[in-house]
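Enquirer: The structure under discussion is supplied below as structure tokens; questions concerning it will follow.
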Amino acid sequence: MEVSGPEDDPFLSQLHQVQCPVCQQMMPAAHINSHLDRCLLLNPASNAEPAAGPHRVSERAKGLSPPSAKRRRLSESSALKQPATPTAAESSEGEGEEGDDGGETESRESYDAPPTPSGARLIPDFPVARSSSPGRKGSGKRPAAAAAAAGSASPRSWDEAELQDYIGQSRAVGQETLLRSLLETNEIPSLILWGPPGCGKTTLAHIIANNSKKHSIRFVTLSATNAKTNDVRDVIKQAQNEKSFFKRKTILFIDEIHRFNKSQQDTFLPHVECGTITLIGATTENPSFQVNAALLSRCRVIVLEKLPVEAMVTILMRAINSLGIHVLDSSRPTDPLSHSSNSSSEPSVFIEDKAVDTLAYLSDGDARAGLNGLQLAVLARLCSRKIFCKKSGQTYSPSRVLISENDVKEGLQKSHILYDRAGEEHYNCISALHKSMRGSDQSASLYWLARMLEGGEDPLYVARRLVRFASEDIGLADPSALTQAVAAYQGCHFIGMPECEVLLAQCVVYFARAPKSIEVYSAYNNVKACLRNHQGPLPPVPLHLRNAPTRLMKDLGYGKGYKYNPMYSEPVDQEYLPEELRGVDFFKQRRC
Ligand SMILES: Nc1ncnc2c1ncn2[C@@H]1O[C@H](COP(=O)(O)OP(=O)(O)OP(=O)(O)O)[C@@H](O)[C@H]1O
């Protein structure tokens with residue numbers, strides 16, 4: 001069983017009181033790191049950190065202002081483990097009042113925990129089962145029931161993870177790669193990590209974080225899903241202070257960097273350029289389109305790939321080992337109940353080896369999907385393990401539970417419930433949104449919109465679909481719908497997420513309520529069908545409709561007989577379609 005200190009558990013760390021070594025104030029352990037940041041800036045003279053040096057007093061006297069009270073929560077992994085600043089675990093316990101941070105809390109989040117409301121995300125524990133190479137035996141590190149119920153199929157502490165713990169991706173971080181040598185010499189350049197969901201972008205960033213911690217480099221994370229431009233400015237301001245006063249470097253990790261719009265991305269540019277921050281961005285989208293060209297040219301793009309099945313098996317086996325699950329060899333059919341007896345109150349959990357292979361295969365290179373699928377399968381089996389005995393009329397819980405191939409398939413389906421940006425769910429949801437607006441159901445329209453945006457969909461993708469809908473389904477019944485959609489698109493482009501969500505919501509409700517007409521859409525389809533079905537060469541443009549800029553053309557009869565409509569007070573009787581299509585009305589029916 002793994003033992004973790006109170007600083008590992010956000011709940012415990014709230015209860016655990018520690019004393020600030022600078023101002024001696026007592027506060028919950030969870031607050032100590034954010035408090036220390038400010039305290040060191042405000043009280044440089046009393047700073048215990050050896051690197052601080054005496055010059056800080058004069059710097060403060062020069063008017064170094066304290067970080068704004070509105071400063072958003074930021075994560076800083078190096079601060080959590082600075083050698084000279086006692087961590088919560090190292091500090092003595094005691095009673096005390098709340099920290100002086102005005103209610104601002106800074107707690108460590110678990111690995112896949114959602115970002116804090118401000119968008120700041122703390123460097124979480126990083127799941128690495130350091131134990132050996134994972135074979136297919138199942139090591140039984142901690143009871144599967146407890147571990148799965150605790151909410152993770154990943155092993156718990158990944159705090160010390162290093163590159164060797166990173167599975168696969170040899171093209172990006174293999175032995176001979178540039179990135180590996182840069183990491184080994186601790187020369188981290190600005191990077192863009194580009195790859196499909198769950199392939200390990202964030203994981204790699206955390207490995208870099210662990211590496212930089214050793215060299216007292218600050219590592220701050222923001223998620224572009226929630227962070228606002230002010231959050232970025234705060235990070236930059238603090239990075240400038242850290243650089244000039246403490247000669248400390250800052251690495252800023254931005255998850256889903258493509259969700260920052262171009263002007264938000266511009267905020268980093270000068271600071272990346274002058275070395276105030278080293279930027280590491282993670283994105284599932286092609287950076288050539290989603291990242292500012294100027295910013296991109298200052299970053300190395302590391303392309304990560306979908307994890308191959310073998311790598312997925314290794315990752316799953318690590319989790320299985322760490323959860324204490326036993327793997328059953330299907331080539332040697334045995335009754336799991338005949339395995340060694342289990343005296344503990346926790347059931348022994350077994351998994352078929354083919355279930356592991358299936359999970360690895362079906363996860364499609366997405367380790368998160370695989371691990372979530374495993375976790376849900378374990379939980380589902382544990383919850384349904386009570387057996388009713390007809391003879392005694394009692395229910396009892398068997399001491400052994402078997403996870404089959406079907407269980408993992410179900411687990412995988414459930415873990416994909418939310419939203420799969422890159423897969424079928426993406427198309428299902430946009431189709432449901434389109435149909436709900438067409439059906440004038442404003443609630444359903446908003447629901448599908450929110451489901452996509454909350455699931456991490458690119459707002460510009462939704463906006464583009466709205467532009468299309470404006471003409472396809474509303475058309476001339478309300479021509480201003482198109483203006484609304486284009487405005488929403490541009491608004492999203494200007495302000496990005498999360499602010500632009502309400503623009504899309506407004507547009508979606510407008511469209512759901514708007515009158516609908518497919519008149520133009522179907523007429524145009526009729527024209528296209530006419531062209532497609534035409535046999536032989538297309539009919540020539542009638543001579544009277546042709547322009548005649550030269551004498552020769554006039555001589556050839558171009559423009560001859562054309563009636564210039566503004567010259568007539570009554571409707572003009574004139575043909576505009578080619579001869580053979582005379583009388584065709586594409587608005588009434590398809591005639592070709
Ligand atoms: N190469 C890897 N080695 C070990 N574990 C991995 C690897 N890739 C992913 N994982 C595991 O899979 C889970 C998801 O990985 P991670 O969050 O790094 O993916 P991501 O590429 O950042 O995904 P997204 O784009 O959806 O944010 C983590 O729990 C991590 O432990």
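Enquirer: With label points built 7 Å along Cα→Cβ from the Cα atoms of Tyr562 and Gln506, find their separation and express it in nm.
Expert: 4.4
Enquirer: Compute, for region 178-303, the length of the dipole vector about the Cα centre, with Cβ point charges of +1 (Lys, Arg) and -1 (Asp, Glu) only. Units Debye, rounded to 20.
Expert: Values: 16 positive and 10 negative charges, 70 e Å.
In total the dipole reaches around 340 debye.
Enquirer: To continue, here is another question. Could you work out the relative contact order of region 178-303, using alpha carbon pairs under 8 angstrom and six or more residues apart, expressed as a whole percent? Intermediate results must be reported in sequence, preceding the final value.
Expert: On the way: 191 pairs, mean separation 47.2, N = 126.
In percent, rounded to a whole number, it is 37.
Enquirer: Between Ala523 and Thr229, 0.36 nm times their residue separation minus their Cα-Cα distance comes to what?
Expert: Values: separation 294, 0.36 × 294 = 105.84 nm, distance 4.57 nm.
Once the chain is fully extended between Ala523 and Thr229, it gains 101.3 nm.
Enquirer: Could you please rank Ile167, Ile251, placing first whichever residue has the fewest other Cβ atoms within 10 Å of its Cβ?
Expert: On the way: Ile167 20, Ile251 24.
By the 10 Å Cβ count, ascending, the order reads Ile167, Ile251.
Enquirer: Of Met567, Met497, Met553, how do they rank once you tally other Cβ atoms within 10 Å and put the fewest first? Walk me through the intermediate numbers first.
Expert: Values: Met567 7, Met497 25, Met553 14.
Neighbour counts put them in this order, fewest first: Met567, Met553, Met497.
Enquirer: I've got another one for you. Which whole-Hz couplings ³J(HN,Hα) result when phi for each residue of region 517-533 is put into the Karplus expression 6.51 cos²θ - 1.76 cosθ + 1.60, θ = phi - 60°, listed in order with x for Gly and Pro?
Expert: 8, 10, 3, 5, 4, 6, 4, 5, 4, 4, 4, 4, 5, 4, 5, 5, 8
Enquirer: If Lys and Arg each add +1 and Asp and Glu each add -1, what is the summed charge of the other residues whose beta carbon sits under 9 Å from the beta carbon of Gly475? Walk me through the numbers on the way to the answer.
Expert: Numbers: positive: Lys516; negative: Glu472, Asp473, Asp478, Glu519.
Neighbour charge sum, excluding Gly475 itself: -3.
Enquirer: Give the peptides 457-469, 437-449 in descending order of average Cβ contacts within 10 Å, highest first. Write down the numbers at each step before the final one.
Expert: Working: 457-469: 20.0, 437-449: 18.3.
Descending mean neighbour count gives 457-469, 437-449.
Enquirer: Taking the beta-carbon count within 10 Å as an exposure proxy, list Asp473, Asp266 from fewest neighbours to most. Walk me through the intermediate numbers first.
Expert: Numbers: Asp473 19, Asp266 14.
By the 10 Å Cβ count, ascending, the order reads Asp266, Asp473.
Read-outs throughout are calculated quantities, based only on the coordinates presented, and are distinct from any laboratory measurement. Owing to the predicted nature of the structure, the values given are computational and were not obtained by experimental measurement. Glycine gets a Cβ as well: all are built from the backbone with ideal geometry, and neighbour counts include every protein chain shown.
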